[in-house]
Amino acid sequence: MHQNNKIKNIIFDLGEVLIHGIRDTGLALKEKHKISDALFKTPLLVPIVEELFLGNVSEDAYLEAVLRQYPELGTQEYLKAHLRENFREVEGTRAIVIKVRKLGYKTAILSIHGKEWIDYLEKKFDFHKLFDALSYSYEDKVSKPHPSAFQKVLQKLNAKPEECLFIDDHERNIEAARALGIESILFTTAQDLQSKLKKILPNF
């Protein structure tokens, strides 16, 4: 990892980088309701979730599918409330976004997410005002790690791959970005991210 003077734009993932979300919420549900289904790491990641993320089904239709497979989870109203109560900020990342913006970097979000959840998150956390471009899978109709997802956010930033730094918590997305020539950081914690940014950004 070395300094890169070409970087002008920093692209952040949302889930588990800025906002803890469906993964932790689903695991909490799995533990609470003693779900032992080994096929899924979390009961919220049933196959139809991909259609939610692409904007092809509503949250209600998605939750109906979850409850058909896991009726022990209760009702749609309960699941909606549980999801929203468990969304919370990842400690330290907002401060990093604010800092890089003050240093003159343009910022963007590239996220796999559902419309209803983004509507809620933007109202609750007001994070979207910190970004110059927002690329959500439900709007762009494509999800990471597909190359088109990265091309969409590059277009919104009017940027070349070599002018961008991408931050995500999934290795497959990091590999996809690097294959396109986008320098990338695998996110673990905000503290670790800060340390890595000091090595890459000359003025951080």
tail above 16 Å in the computed P(r) of segment 22-86, as % of all Cα-Cα pairs, reads 39
Full extension from GLU162 to ARG68: what is 0.36 nm times the residue separation minus their Cα-Cα distance, to one decimal in nm? 29.3 nm
Mind sorting ASP140, ASP126, ASP168 by how few other Cβ atoms lie within 10 Å of their own Cβ, fewest first? ASP126, ASP140, ASP168
HN-Hα J in Hz across segment 179-191 - Karplus 6.51, -1.76, 1.60, θ = phi - 60°, x for Gly and Pro: 5, 8, x, 9, 5, 9, 10, 7, 7, 10, 9, 5, 5
ASN86: net charge of surrounding residues, Cβ under 14 Å, Lys/Arg +1, Asp/Glu -1, itself excluded? +2
Could you state the angle between the C-alpha long axis of helix 76-86 and the longest principal axis of the C-alpha atoms of the chain, as a value from 0 to 90 degrees rounded to the nearest 10? 30
Charge dipole of the chain about the Cα centre (unit charges at C-beta), most positive-ward option of TYR105, PHE53, VAL66: TYR105
Return an integer: the convex hull volume of the alpha-carbon atoms of the chain, in Å³ per residue. 114
For LYS124 and GLU77 in one chain, what is 0.36 nm times their gap in residues minus the Cα-Cα distance, to one decimal in nm? 15.1 nm
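To check you understand DSSP bridge types, tell me what percent of the beta bridges within the chain (both residues inside) are antiparallel, rounded to 5. Don't jump to the answer; show the numbers that get you there.
Working: 2 of 19 bridges.
Once the DSSP bridges in the chain are tallied, antiparallel ones form about 10 percent.
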Dipole size in debye (nearest 20) for the chain around its Cα centre, Lys and Arg Cβ +1, Asp and Glu Cβ -1? 840
Interchain or long-range residues, amide H under 5 Å from GLY15's placed H: ILE112
Could you work out [θ]222 nm for the chain from helices alone, using -39500 (n - 2.57) per DSSP H run of at least four and dividing by all its residues? Round to the nearest 500 deg cm²/dmol. -13000 deg cm²/dmol
For ASN203 and ASP132, extending 7 Å from Cα along the Cα-Cβ vector and measuring point to point gives, in nm, a value of 1.2
Run the reach check for LYS32 against lysines, Cα to Cα strictly under 21 Å, same-chain hits fewer than 8 apart removed. What comes back? LYS41, LYS80
Mind sorting LEU29, LEU103, LEU201 by how few other Cβ atoms lie within 10 Å of their own Cβ, fewest first? LEU103, LEU201, LEU29
Extension gain from ARG88 to THR188, taking 0.36 nm per residue of separation minus the Cα-Cα distance: 34.4 nm
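Based on the Cβ-Cβ distance from GLU175 to LEU27, what FRET efficiency comes out when R0 is 22 Å, to the nearest 0.05?
0.35
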Using 32 Å as the Cα-Cα cut-off, could you pick out the over-long pairs in LYS124/LYS156; LYS30/LYS99; LYS34/LYS152? LYS30/LYS99; LYS34/LYS152
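Since every read-out is calculated from the coordinates, none of them should be taken as a lab result. None of these values were measured; they are calculated from a predicted model. Glycine also receives a Cβ, built like all others from the backbone with ideal geometry; neighbour counts cover every protein chain displayed.
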